[in-house]
Amino acid sequence: MIKEKAKKKWASTRKLLEITDDEYNGVTQEDANLRFVKMKLQIAVYYMQLLDEHDSEYQVPWNKEQFKWALRKPAGDKKKQQAKEWCHQCRLMRDKACATWNYEEAKTA
């Protein structure tokens, strides 16, 4: 998949994962937890976007309901652990797939 197509595919998800000013400037533990969850999921989405760019086969480690649950307040330790696990699973998929990727740059005239 072309890089631009992969970006478009994940654009709405990345939009949901944007950290708002209130979340960024928040000083409560819940704000910190939500920032952590969103950052881990941003990284996971980045890994899946890379997989798409290289036309790799993969299974998204969460479904729509689980994703919504992770982003809903209150964000506690269970959600932090789940986001961390999903990020780790995506990294492992990327690591496994990248061994077969062709890193040759396209020759231009």
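The values are calculated or read from the model by the stated rules, or taken from the named source; none is laboratory data. Treat the numbers as computed from the prediction; the structure is a model and nothing was measured. The area values use the complete protein model at the heavy-atom level, side chains included, leaving out ligands, DNA and RNA. Shrake-Rupley method; radii C 1.70, N 1.55, O 1.52, S 1.80 Å.
Apolar share of the accessible surface for the chain: 52 percent from carbon plus sulfur atoms, 1.4 Å probe. Pairs of Cα atoms nearer than 8 Å and 6+ residues apart set the relative contact order; for the chain it is 32 percent. Listed options for percent of Cα pairs over 24 Å apart are (i) 20; (ii) 31; (iii) 51. The value calculated from this structure is the one marked (ii).
Taking the 0 to 90 degree range and rounding to the nearest ten, how far is the long axis of helix 77-98 tilted relative to the main principal axis of the chain, both from C-alpha atoms? Once rounded, one gets 10 degrees.
Rounded to the nearest 500, the helix-only mean residue ellipticity at 222 nm of the chain stands at -22000 deg cm²/dmol, with each DSSP H run of n ≥ 4 adding -39,500 (n - 2.57). Accessible area per residue for the chain is 71 Å², calculated with a 1.4 Å probe on protein heavy atoms, without ligands, DNA or RNA.
Say the cut-off is 22 Å between C-alpha atoms; which of 64/96; 9/79; 40/79; 7/40; 8/38 go over it?
Working: 64/96 25 Å; 9/79 25 Å; 40/79 11 Å; 7/40 18 Å; 8/38 19 Å.
From 64/96; 9/79; 40/79; 7/40; 8/38, over 22 Å: 64/96; 9/79.
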